[in-house]
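*Asks:* My structure is below; once you've seen it, I'll send some questions.
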Amino acid sequence: MHSEELVFGSSDNLEVLSILRLEDQLIVSVQSRSKGCPCPACLVFSSKLHSYYLRKLKDLPAFDNKVSLRLRAKKWRCFNAECPRRIFAERFQHFFKPYKRTTDRLREKLLNTALLLGGRPAERLCRTLNVSVSSSSLIRIIQQQSVFAPSFVDAIGIDDSRIQERY
Ligand SMILES: [Zn+2]
């Protein structure tokens, strides 16, 4: 089994460069295999590499160790003359969201744990599972979830009917 399959479940888009163990932490260095990326502003595909940059993300614990990912991400140039963006960071369909410091799969587990237990009990449970997270961060993860408004009204209150009578 390739290390990509072990870490990500497939070896299609991400390449594991190295895995180091430091005390109670595994440091997994990865980079994408993408040959280009659509610009987030104009959606025109670019394959002109500008540079690399390093992102550090927490991931789910493994083998009783904390896991930290070192993602070597790419920046691409946008050559669309009508686009305001000249350079943009690589976007990932899975695992990594822009500006986030945790992987999608860790954030999902933290959200479920926080919803089940609440902030402080979830923080204590996470500590026993080798995930360092504060209760305030767990509450923030809950608050960042989008809430969808109902698309139709199935009940009208008294105040609503008075408003309708006036018009
Ligand atoms: Zn663009």
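*Asks:* Restricted to Cα positions, what overall size does the stretch 1-93 have along the principal axes? Three whole-Å values, descending.
*Replies:* 51, 24, 17 Å, listed from the longest principal axis down.
*Asks:* Suppose R0 equals 22 Å. What FRET efficiency, 1/(1 + (r/R0)^6) with r the Cβ-Cβ distance, do Tyr99 and Met1 give to the nearest 0.05?
*Replies:* 0.10
*Asks:* Roughly how far apart, in whole Å, are the Cα centres of the stretch 1-60 and the stretch 101-140?
*Replies:* Distance between centres, Cα-based: 24 Å.
*Asks:* May I ask you to derive the FRET efficiency for Ile19 and Leu111 from their Cβ-Cβ distance with R0 = 22 Å, giving the value to the nearest 0.05?
*Replies:* Calculated value: 0.25.
*Asks:* Say a paramagnetic label sat at a point 7 Å from the Cα of Phe79, along Cα to Cβ; which residues of the stretch 46-66 have their backbone N under 17 Å from it?
*Replies:* Residues 46-51 qualify, since their backbone N sits under 17 Å from the label point.
*Asks:* Picking from Asp104, Asp12, Asp59, which is most flexible by a Gaussian network model of the chain using Cα springs under 10 Å?
*Replies:* Among Asp104, Asp12, Asp59, the largest GNM mean-square fluctuation belongs to Asp12.
*Asks:* In the structure displayed, which of Lys48/Lys74; Lys66/Lys97; Lys66/Lys109; Lys56/Lys100; Lys48/Lys100 lie more than 18 Å apart, Cα to Cα?
*Replies:* Lys66/Lys97; Lys48/Lys100
*Asks:* Here's another thing I want to ask about it. Compute a Gaussian network model of the chain, connecting alpha carbons closer than 10 Å, and tell me which residue from Ser132, Ser46, Ser146 fluctuates the most.
*Replies:* Per the Cα network of the chain with a 10 Å cutoff, Ser146 tops the list.
*Asks:* Pick from Ala41, Ala89, Ala122: which is most flexible by mean-square fluctuation in a GNM of the chain where alpha carbon atoms under 10 Å apart are linked?
*Replies:* So, out of Ala41, Ala89, Ala122, the one fluctuating most is Ala41.
*Asks:* Using DSSP loop states and a limit of at most 15 other Cβ atoms within 10 Å to flag GluC sites (Glu not before Pro), what is the longest stretch of the chain containing no flagged site? Kindly include the intermediate steps, with their values, before the conclusion.
*Replies:* Details: sites that count: Glu23, Glu82.
Value returned for the longest uninterrupted segment is 83-167.
Just so you know, all these numbers are worked out from the coordinates, no wet-lab data involved. Note that the coordinates shown come from a computational prediction; the quantities given were computed from them, not determined experimentally. Cβ: placed from backbone, ideal geometry, glycine included. Neighbour counts: every protein chain shown.
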